[in-house]
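What follows is a single structure, written as structure tokens, with notes after it.
The values are calculated or read from the model by the stated rules, or taken from the named source; none is laboratory data. Given the structure is predicted, the values throughout are model-derived calculations rather than measurements. As a convention, Cβ positions derive from the backbone with ideal geometry for all residues, glycine included, and neighbour counts pool all protein chains shown.
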Amino acid sequence: MGFTKIWAMAGVLAAGLMLPPPASAQDTIKIGAIYPLSGNAASAGESAKAALEVALDIINNPHPELGNIPLAKTAGLPNLKGAKLDIVFADNQGSPAVGQSQALRLITQEKVAALTGAYQSGITQTASAIAEKYGIPFLSGESVAANLTERGFKWFFRTTPVASDIAKTYMAFLKDLKAGGQKVDSIAVVNENSDYGTSIAQVLDEAAKANGFNIDLHIPYSANTTDVQSQVLQLKDKKPDVVIFVSYTSDAILYMKAMKALDYKPAVLIGDDSGFSDAAFLKTVGSIAQGAINRSAWDIGKPGSVTYLINEMYKKKRGVDLDDTAGRAMQGFLTLADAINRAGSTEPAKIQAALRATDLKPDQLMMGYKGVKFDAKGNNELAAALLIQIQGDHYVAVWPKETAVAPLQLPYKGW
């Protein structure tokens, strides 16, 4: 055996010494949650934190009113003799390096049984690499960059629709628009330039070509920018029929303000979830972003429905309705908790096996997926999305028609 292999084996053995011990009756099981609780994406991080705290309430306390949501009817994890879950939150500060160090701390010092997070795909990439090294399950409910599941990892799973799913949704929507007489001959993609934005832009480009559409303007930018006037002027000059923004919260808000200041309105404006789903976006610029379209898998539902009741729990904690991104984080955490219960153990390999065996049905979910079932790469092969639009002071479902609650309004109104 070569020196490299011996060293690698030694590292694995050393890592094994730091893994959390199996839980006994009534133990508290720790789950690490890595989110941006400070920095430009802090609003989204705080929303995810509140969503996970609601999920914790659902798991640790009896909520029979929530129907078939796993673990809602009982208190704690029945297959671990009623053990309760606890979340150890860690602030990634919007930095991949900090996210990585926080993952290491949660695994080696806090002895968490699993990890979740981390909102920004670039941070999920570094944090999950540490989880992979130590053999700890990492479930992401909201990070969509395609490359996250192209690394051959065995301990990484995600429940959210991914970049390829999102591209299919947009292409089907654009085909519907074209069939209805809407001009969609030219498309611009404006994307923040980290893993998230770059991945979505690349997959959109490939999907557009495959579906006979033209993305003839790409505008990458830094999500930490404080001025986007030059980017908006590029759009105003080129006049694309459709503009798709792949942005986080602060930059999405910045774009809407700059568009109003420069009096620029495309006929069709699509925001790729993330910043456009943040409650802070609606509160700050919703009045000047009327008609903005956004992808989502979350719907509050009718009064008395399971989703409506979950939204009421969240609203009591956060003061606003649950948004899609925080909802996807919550669904991921509920899926992870279900797997730990089915494993009947906190041993990482047993949780990993339970995650691989996951087969949740639509009535067991709070999100509008067709289910949760992981493929060989760790992606949820039953993830799905719909499109919503800002009409007044909130988003309403507008596409596809069979799930719409209001008619699509075009062209983009803005203000």
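Table for the structure above
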| item | result |
| --- | --- |
| Asn191 being in contact with a Ser or Thr (Cβ under 8 Å, 6 or more places away or on another chain) and surrounded by fewer than 18 Cβ atoms within 10 Å (Cβ to Cβ) | no |
| Considering residues of the stretch 383-405 that are outside any strand (DSSP E or B) and either basic (Lys, Arg) or within 20 Å of the chain's Cα centre (by Cα) (or both) only, the residue modelled with the highest pLDDT | Ala383 |
| Qualifying residues in the stretch 171-200 (those that are free of Cβ contacts under 8 Å to residues at least 40 places away in the same chain and of a type in the set (D, E, K, R)) - the one farthest from Thr126 (Cα to Cα) | Lys178 |
| Residue within the stretch 391-399 that is among the β-branched types (Val, Ile, Thr) and either in contact with a Gly (Cβ under 6 Å, 6 or more places away or on another chain) or assigned by TED's automatic domain parsing to the domain that holds Lys283 (or both) present | yes |
| Any hit, the stretch 51-74, residues being assigned by TED's automatic domain parsing to the domain that holds Ala329 and at pLDDT below 95 | no |
| Those helices (runs of 4 or more DSSP H) lying entirely in the stretch 215-299 with at least 3 residues more than 16 Å from Ile390 (Cα to Cα) | 229-238, 249-261 |
| The listed residue being surrounded by fewer than 23 Cβ atoms within 10 Å (Cβ to Cβ) and under 22 Å from the mean Cα position of the chain (by Cα), out of Thr225, Thr198, Thr160 | Thr198 |
| Residues located in the stretch 25-78, provided they are surrounded by 17 or more Cβ atoms within 10 Å (Cβ to Cβ), assigned to a helix (DSSP H, G or I) and among the charged types (D, E, K, R) | Glu46, Lys49, Glu53 |
| Hey, Ser274 hydroxyl-bearing (Ser, Thr, Tyr), touching a Ser or Thr at 6+ places or on another chain (Cβ under 8 Å) and either farther than 25 Å from Gly141 by Cβ or not assigned by TED's automatic domain parsing to the domain that holds Leu355 (or both) or not | yes |
| In the stretch 315-340, the residues that are surrounded by fewer than 23 Cβ atoms within 10 Å (Cβ to Cβ) and part of a helix (DSSP H, G or I) | Lys315, Lys316, Lys317, Arg318, Asp338 |
| Verdict on Gly371 being under 24 Å from Leu85 (Cα atoms), outside the structural domain of Pro64 (by TED's automatic domain parsing) and without any contact (Cβ under 8 Å) to a residue 40 or more places away in the chain | yes |
| Verdict on Phe173 being over 30 Å from Ala376 (Cβ atoms), touching a Phe, Trp or Tyr at 6+ places or on another chain (Cβ under 9 Å) and crowded, with 17+ Cβ neighbours inside 10 Å | no |
| Residue among Leu355, Leu410 that is in contact (Cβ under 8 Å) with a residue 24 or more places away in the chain, farther than 25 Å from Ser305 by Cα and either in the same structural domain as Gly141 (by TED's automatic domain parsing) or surrounded by 22 or more Cβ atoms within 10 Å (Cβ to Cβ) (or both) | Leu355 |
| Pick from the stretch 364-398, criterion charged (D, E, K, R) and under 30 Å from Phe153 (Cβ atoms), ranking: surrounded by the most Cβ atoms within 10 Å (Cβ to Cβ) | Lys373 |
| Residue list for the stretch 123-142, restricted to those being crowded, with 24+ Cβ neighbours inside 10 Å and either in a helix (DSSP H, G or I) or polar (S, T, N, Q) (or both) | Ile123, Thr124, Ala127, Ser128, Ala131, Ser140 |
| Selected residue (criterion: farthest from the chain's Cα centre (by Cα)) from residues of the stretch 174-193 that are farther than 13 Å from Gly212 by Cβ and in a strand (DSSP E or B) | Ala188 |
| Residue among Ala292, Ala267 that alone is within 20 Å of Gly197 (Cα to Cα), modelled with pLDDT of 95 or more and not assigned by TED's automatic domain parsing to the domain that holds Val88 | Ala292 |
| Criterion (of a type outside the set (A, V, I, L, M), farther than 27 Å from Lys111 by Cβ and more than 15 Å from the chain's Cα centre (by Cα)) met by exactly one of Lys350, Lys377 | Lys377 |
| Single residue of the stretch 210-255 satisfying the filter (in contact (Cβ under 8 Å) with a residue 40 or more places away in the chain and among the hydrophobic types (A, V, I, L, M, F, W, C)) that is farthest from Phe173 (Cα to Cα) | Ala223 |
| Residue that is farthest from Lys81 (Cα to Cα), among those in the stretch 341-352 that are surrounded by 19 or more Cβ atoms within 10 Å (Cβ to Cβ) and among the aliphatic types (A, V, I, L, M) | Ile351 |
| Which numbered condition Ser101 fails, given (1) under 22 Å from the mean Cα position of the chain (by Cα); (2) surrounded by 18 or more Cβ atoms within 10 Å (Cβ to Cβ) | (2) |
